[in-house]
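The values are calculated or read from the model by the stated rules, or taken from the named source; none is laboratory data. Quantities reported herein were computed from a predicted structural model and do not represent experimental measurements. When we count neighbours, we look across all protein chains shown, and the Cβ atoms used for this are built from the backbone with ideal geometry, even at glycine. Only protein heavy atoms, including side chains, enter the accessible area calculation; ligands, DNA and RNA are left aside. Shrake-Rupley method; radii C 1.70, N 1.55, O 1.52, S 1.80 Å.
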Amino acid sequence: MSDDARIGTSSRRVWGQNVAGALVASGVVHAIGSPCFGKSPAIRTSTPVITHGIGSGDVSRSSAVVWSRADRVSRMVVEYATNDRFTDARRVVGPIATPDSDFTSKAILNGLPPGQTIVYRVAFQDVDKPSNVGEPRIGRFRTASNDRKNLSFVWGGDVSGQGWGIDPVHGGMATFESMRQVSPDFFLHSGDHVYADNPILPEVQLADGSTWKNLVTPETSKVAETLDEFRGRYRYNRMDEAFRQFAAEVPVLAQWDDHEVRNNWYPGQTLGDDPRYTVKDVDLLAARGRRAFLDHMPIVPKVGGDTIYRVVSQGPLVDVFLLDERTYRGPNSANRQAEASPATAFLGPDQLAWLKKELKASRAVWKVIASDMPLGLVIGDGPKAFEAVANGDGPALGRELEIADLLSFVKREAIPNLVWFTADVHYAAAHRYDPAKARFTDFEPFWEFVAGPLHAGNFGPGVLDDTFGPQLEFASVPPGTRANQPPSSGLQFFGVVKVEGASGVMTVSLHDRAGKSLYSRELIPA
């Protein structure tokens, strides 16, 4: 960063004059306050207001993305330092928040010191009258280290699904508070940030006769079709206090799955039999859903354009490979094709080639594969089609051909220490993939861990396909568990990963909504 971006003692007076001077000069770190919800506050203030909290994402050794949303056209300004007093702080002037971005704005912070806690504050500045600056909000994150320091992260997916929205009486999105208590370095969100196809109604009658009472907005009252309805789903989640607090303190690595658009969608699909939708072109819905996702996630696509797949290095211990298993797939089908073709695509040829190249280049001890869907669980899409990779027991066919190619490449290139993390199926599980027990055997053993839901209905357990030899070591729900219970039932699950710096040993644990550990597995690096 250039020297003129650094704020010393004297230049901080300039910040004080132009960007909420009294607040900055006081040195007081303000608590994260309650935002105004919806498109704008009920009472319009004279200065811009942060409406839905703040957040950070894609944090690496030297860079990060900071996100927020304003109530009007205004410019984002971020000040950051390595201490709560903001001594020797730096200032970044971000883009103007406009209706075109749903009044969201993202600032990229570069030249950050590795292995440091960064404290930042975000404010919005009136474009026409720069002296009018709204109250800032405070957040923090830790940059990745150049050294082998201890590292931890949490992961999971599936938020506001099956009509289970925010009920403060039942604890709101309590899983996010349990994850915050872990104090992780980052949060891997495995997809289904929102359920754009699941309306959230004011009340749901529970089996015990009580009532679940959701907070509701106009955008959650129906399936999302317009761009604003998709955006409204992301705004809705940030109405929850635990969600906002977590986002301000833990940076996210975000990927998407299907419910950011519609259940089980694939490119080229047409909705002919769903009366809830007036828009029948899924590609149009997906374009709007993707736009809303990118507006509301603190990420900057790494590969180009609006590409979601990317790799984010977390230092010498961990590289995270975030996959997009939705955009490039072929149609959901019986998935039994014997030869690879566009119809059998799951990652697609370009993403698969990218992943192979990045895996081969990685020098991190652990290669964390962030997959938005499990590899070996059979997930149907109607009576004769499959939604994920698995298609039932047998040799590698259909989408399994792509995964077989990847696993063989990893073995051939002797790329060690791959671990897969996923969500999607609304229960937690641990699977060990063993070539000695598989139909397809040209790969090295590896682990896959499943977490979720974070705040949605529960399901499972699922059936494992023997193609790649997955062995079930743990499932958080037994067979016969009643499905789609409310989050307050406790059947919400998240995962915790801790990597010890000196030894490189990775410990993976699975936890319930209250944070209780249910399972733990120690992995020794090769």
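Here V419 meets each of (1) within 30 Å of S517 (Cβ to Cβ); (2) part of a loop (DSSP other than H, G, I, E, B); (3) among the hydrophobic types (A, V, I, L, M, F, W, C) with one exception, condition (2).
Take the residues in the stretch 130-164 that are of a type in the set (G, A, S), outside any loop (DSSP other than H, G, I, E, B) and open to solvent by less than 10 Å² (accessible area, probe 1.4 Å), then tell me which one is farthest from M76 (Cα to Cα). Explain how you work it out, then say what you get.
Pass one, the stretch 130-164, residues of a type in the set (G, A, S): 131, 134, 139, 144-145, 152, 156-157, 160-161, 163.
From the residues that got through so far, the ones that are outside any loop (DSSP other than H, G, I, E, B) too are 139, 152, 156.
Subset that is open to solvent by less than 10 Å² (accessible area, probe 1.4 Å): 139, 156.
Working: G139: 15, G156: 30 Å.
For the stretch 130-164, the residue satisfying everything is G156.
If you go through the stretch 96-119 and pick out every residue that is under 14 Å from S56 (Cβ atoms), within 21 Å of the chain's Cα centre (by Cα) and touching a residue at least 60 places away in the same chain (Cβ under 8 Å), you end up with 3.
The one condition from (1) assigned to a loop (DSSP other than H, G, I, E, B); (2) in contact with a Pro (Cβ under 7 Å, 6 or more places away or on another chain); (3) touching a residue at least 40 places away in the same chain (Cβ under 8 Å) that P461 does not meet is (3).
If I ask for residues that are touching a strand residue (DSSP E or B) at 6+ places or on another chain (Cβ under 8 Å) and either buried (at least 19 other Cβ atoms within 10 Å of the Cβ) or outside any loop (DSSP other than H, G, I, E, B) (or both), which ones from the stretch 445-458 would you list? Explain how you work it out, then say what you get.
Let us first name the residues in the stretch 445-458 that are touching a strand residue (DSSP E or B) at 6+ places or on another chain (Cβ under 8 Å), namely 445-456.
Scanning the stretch 445-458 gives F446, W447, E448, F449, V450, A451, G452, P453, L454, H455, A456.
Do the conditions hold for V496, that is, is it open to solvent by less than 10 Å² (accessible area, probe 1.4 Å), of a type in the set (V, I, T) and closer than 22 Å to V154 by Cβ? I'd like the intermediate steps shown before the answer.
Working: open to solvent by less than 10 Å² (accessible area, probe 1.4 Å): yes; of a type in the set (V, I, T): yes; closer than 22 Å to V154 by Cβ: yes.
Considered against the rule, which asks whether it is open to solvent by less than 10 Å² (accessible area, probe 1.4 Å), of a type in the set (V, I, T) and closer than 22 Å to V154 by Cβ, V496 comes out as yes.
When you scan the stretch 313-346, how many residues do you find that are in a loop (DSSP other than H, G, I, E, B), of a type in the set (S, T, N, Q) and either open to solvent by less than 10 Å² (accessible area, probe 1.4 Å) or touching a Ser or Thr at 6+ places or on another chain (Cβ under 6 Å) (or both)?
Within the stretch 313-346, the subset in a loop (DSSP other than H, G, I, E, B) is 314-317, 323-332, 334-341, 345-346.
Checking which are of a type in the set (S, T, N, Q) leaves us with 314, 327, 332, 335, 337, 341.
If we keep only those that are either open to solvent by less than 10 Å² (accessible area, probe 1.4 Å) or touching a Ser or Thr at 6+ places or on another chain (Cβ under 6 Å) (or both) as well, we get 335, 337.
Adding up the residues that qualify gives 2.
Kindly establish whether P316 is without any contact (Cβ under 8 Å) to a residue 40 or more places away in the chain and more than 20 Å from D424 (Cβ to Cβ). The answer is no for P316. Taking (1) in a loop (DSSP other than H, G, I, E, B); (2) open to solvent by less than 50 Å² (accessible area, probe 1.4 Å); (3) in contact with a strand residue (DSSP E or B) (Cβ under 8 Å, 6 or more places away or on another chain); (4) within 24 Å of M297 (Cβ to Cβ) in turn, V78 satisfies each apart from (1). Annotation note: of G268, G272, the sole residue that is free of Cβ contacts under 8 Å to residues at least 12 places away in the same chain and in a loop (DSSP other than H, G, I, E, B) is G272. For the criterion of being under 30 Å from D185 (Cβ atoms), open to solvent by 20 Å² or more (accessible area, probe 1.4 Å) and either of a type outside the set (A, V, I, L, M, F, W, C) or in contact with a strand residue (DSSP E or B) (Cβ under 6 Å, 6 or more places away or on another chain) (or both), S101 passes.
On the stretch given as the stretch 165-174, residues that are in contact with a Ser or Thr (Cβ under 9 Å, 6 or more places away or on another chain) and open to solvent by less than 30 Å² (accessible area, probe 1.4 Å) total 5.
Is one or more of the residues making up the stretch 384-406 within 19 Å of V496 (Cβ to Cβ), in contact with a strand residue (DSSP E or B) (Cβ under 9 Å, 6 or more places away or on another chain) and assigned to a strand (DSSP E or B)? Before the answer, list the steps.
Initially, the stretch 384-406 is screened for residues within 19 Å of V496 (Cβ to Cβ), giving none.
Scanning the stretch 384-406 turns up no residue that is within 19 Å of V496 (Cβ to Cβ), in contact with a strand residue (DSSP E or B) (Cβ under 9 Å, 6 or more places away or on another chain) and assigned to a strand (DSSP E or B).
Could you tell me which of the residues D442, D424 is in contact with a helix residue (DSSP H, G or I) (Cβ under 6 Å, 6 or more places away or on another chain), charged (D, E, K, R), under 30 Å from G330 (Cβ atoms) and part of a loop (DSSP other than H, G, I, E, B)? Don't jump to the end; show me each part of the working.
On the way: D424 fails: in contact with a helix residue (DSSP H, G or I) (Cβ under 6 Å, 6 or more places away or on another chain).
From the options D442, D424, the qualifying one is D442.
Of the residues that sit in the stretch 247-264 and are open to solvent by 10 Å² or more (accessible area, probe 1.4 Å) and not small (G, A, S), which one is nearest to G53 (Cα to Cα)?
Applying the first criterion (open to solvent by 10 Å² or more (accessible area, probe 1.4 Å)) to the stretch 247-264 yields 247, 249, 252, 259, 262-264.
The next check asks that each one be not small (G, A, S); those that pass are 249, 252, 259, 262-264.
Details: E249: 11, V252: 14, H259: 23, R262: 26, N263: 28, N264: 31 Å.
Here the answer is E249.
Name the one entry in T467, T441, T481 that is among the β-branched types (V, I, T) and under 30 Å from S210 (Cα atoms). So that I can check it myself, show each step before the final result.
On the way: T467 fails: under 30 Å from S210 (Cα atoms); T441 fails: under 30 Å from S210 (Cα atoms).
None of the other options fit; the residue is T481.
Tell me whether the stretch 459-469 contains one or more residues that are farther than 12 Å from Y427 by Cβ, out of contact with any Asp or Glu (no Cβ under 9 Å at 6 or more places or on another chain) and β-branched (V, I, T). Within the stretch 459-469 (the criterion being farther than 12 Å from Y427 by Cβ, out of contact with any Asp or Glu (no Cβ under 9 Å at 6 or more places or on another chain) and β-branched (V, I, T)), the answer is yes, since at least one residue qualifies. Just one of the numbered conditions (1) in contact with a strand residue (DSSP E or B) (Cβ under 9 Å, 6 or more places away or on another chain); (2) surrounded by 24 or more Cβ atoms within 10 Å (Cβ to Cβ) is not true of T467: (1).
Scan the stretch 286-296 for residues that are open to solvent by less than 20 Å² (accessible area, probe 1.4 Å) and either polar (S, T, N, Q) or touching a helix residue (DSSP H, G or I) at 6+ places or on another chain (Cβ under 8 Å) (or both) and report the count. Spell out the reasoning first.
To start, the set of residues in the stretch 286-296 that are open to solvent by less than 20 Å² (accessible area, probe 1.4 Å) comprises 286, 289, 292-293, 295-296.
Next, only the ones that are either polar (S, T, N, Q) or touching a helix residue (DSSP H, G or I) at 6+ places or on another chain (Cβ under 8 Å) (or both) stay: 289, 292-293, 295-296.
Going through the stretch 286-296 one residue at a time, the tally reaches 5.
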